[in-house]
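Here the structure is laid out as structure tokens; the discussion comes afterwards.
Just so it is clear, none of the values below were taken in a lab; they were calculated from the coordinates. Being a predicted model, the structure only gives us computed values, none of them experimental. Cβ atoms come from the backbone with ideal geometry, glycine included; neighbour counts cover every protein chain shown.
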Amino acid sequence: GDSVTQMEGPVTLSEEAFLTINCTYTATGYPSLFWYVQYPGEGLQLLLKATKADDKGSNKGFEATYRKETTSFHLEKGSVQVSDSAVYFCALRRGRDDKIIFGKGTRLHILP
Amino acid sequence: GAGVSQSPSNKVTEKGKDVELRCDPISGHTALYWYRQSLGQGPEFLIYFQGTGAADDSGLPNDRFFAVRPEGSVSTLKIQRTERGDSAVYLCASSLELAGVADTQYFGPGTRLTVL
């Protein structure tokens, strides 16, 4: 079945460091890909998405590019802030009305 | 412009009791989803409603779990004869239907269920 695999955390970085969180997926067809973020004490929020191959999703300085050839959707940010500390989930959805399949999440800690 | 709301925010119950969890979707959203998030895991799909009917209930783990959405808005997830393994955060999401297809899912804050 469809699945998402993302790097295990926790990931600890210093402020202003470069961030990469790896994500690969297995799916039939052409799923939409997402990154969701869960800040401490808050609900899941959509961070960015891409709906077809080579699309780049971006938001709040984060970017991810839909790579069909490597079935990947790695999350990157050039300079992280303490406020980026959260749990990040990579996810996919096959159809626009279909369920979302999530990875296990990666906890990110940013040190001042 | 309220988001998805869920109640209660926390529920502690004893093994064997029944519980009901409520979800209020964003006004006008016709699609509603329930997910379950166990500690250290990503959310796992339970059931999806389009309007009043369950369009996909393939994620419900067994017949102790069922959900209703009688008027196409508020939904209730019911767990009968709870077990310790049911302890998790139960998330609700809703989405708008555009041209007959559900769009981005917006999540509520969740209900943390603890079964003692």
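Numbers below:
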{"quantity": "Sites B:D56 and A:R67, calculated FRET efficiency, Cβ-Cβ separation with R0 30 Å, nearest 0.05", "calculated": "0.60"}
{"quantity": "Which of B:T52, B:S73, B:S38, positive extreme of dipole for the range B:1-84 (C-beta unit charges)", "calculated": "B:S38"}
{"quantity": "For the protein assembly as shown: span of alpha carbons on each principal axis (Å, largest first)", "calculated": "48, 41, 36"}
{"quantity": "Computed over chain B: relative contact order in percent, which uses C-alpha pairs under 8 Å that are six or more apart", "calculated": "36"}
{"quantity": "Charge dipole (the range A:1-95, unit charges on Cβ, about Cα centre) - positive-most of A:L48, A:M7, A:P31", "calculated": "A:P31"}
{"quantity": "Potential lengthening between A:S79 and A:L111 on full extension [0.36 nm per residue; Cα-Cα distance subtracted]", "calculated": "10.3 nm"}
{"quantity": "Simple spin-label estimate for A:S3 and A:Y30 in nanometres, 7 Å along Cα-Cβ", "calculated": "2.6"}
{"quantity": "Cleavage-rule hits, chymotrypsin sites (Phe, Trp or Tyr not before Pro), the range A:12-86, DSSP coil, Cβ neighbours within 10 Å at most 14", "calculated": "A:F18"}
{"quantity": "Pair A:R94, A:T51: separation of 7 Å Cα→Cβ label points (nm)", "calculated": "1.9"}
{"quantity": "Within the protein assembly as shown: Cβ-based charge dipole about Cα centre, in debye rounded to nearest 20 (Lys, Arg +1; Asp, Glu -1)", "calculated": "320"}
{"quantity": "Charge dipole (debye, nearest 20) of chain B; +1 at Cβ of Lys and Arg, -1 at Cβ of Asp and Glu", "calculated": "440"}
{"quantity": "Total lysine pairs under 14 Å (Cα atoms) in the protein assembly as shown, excluding pairs fewer than 8 apart on one chain", "calculated": "7"}
{"quantity": "Neighbour cut-off at most 13 other Cβ (10 Å), DSSP loop, trypsin sites (Lys or Arg not before Pro), the range B:55-101", "calculated": "B:R81"}
{"quantity": "Pairwise FRET efficiency - B:V12 versus A:L13, Cβ, R0 = 35 Å, nearest 0.05", "calculated": "0.45"}
{"quantity": "Estimated dipole of chain A in Debye, rounded to 20 [Cβ of Lys and Arg +1, of Asp and Glu -1, Cα centre]", "calculated": "340"}
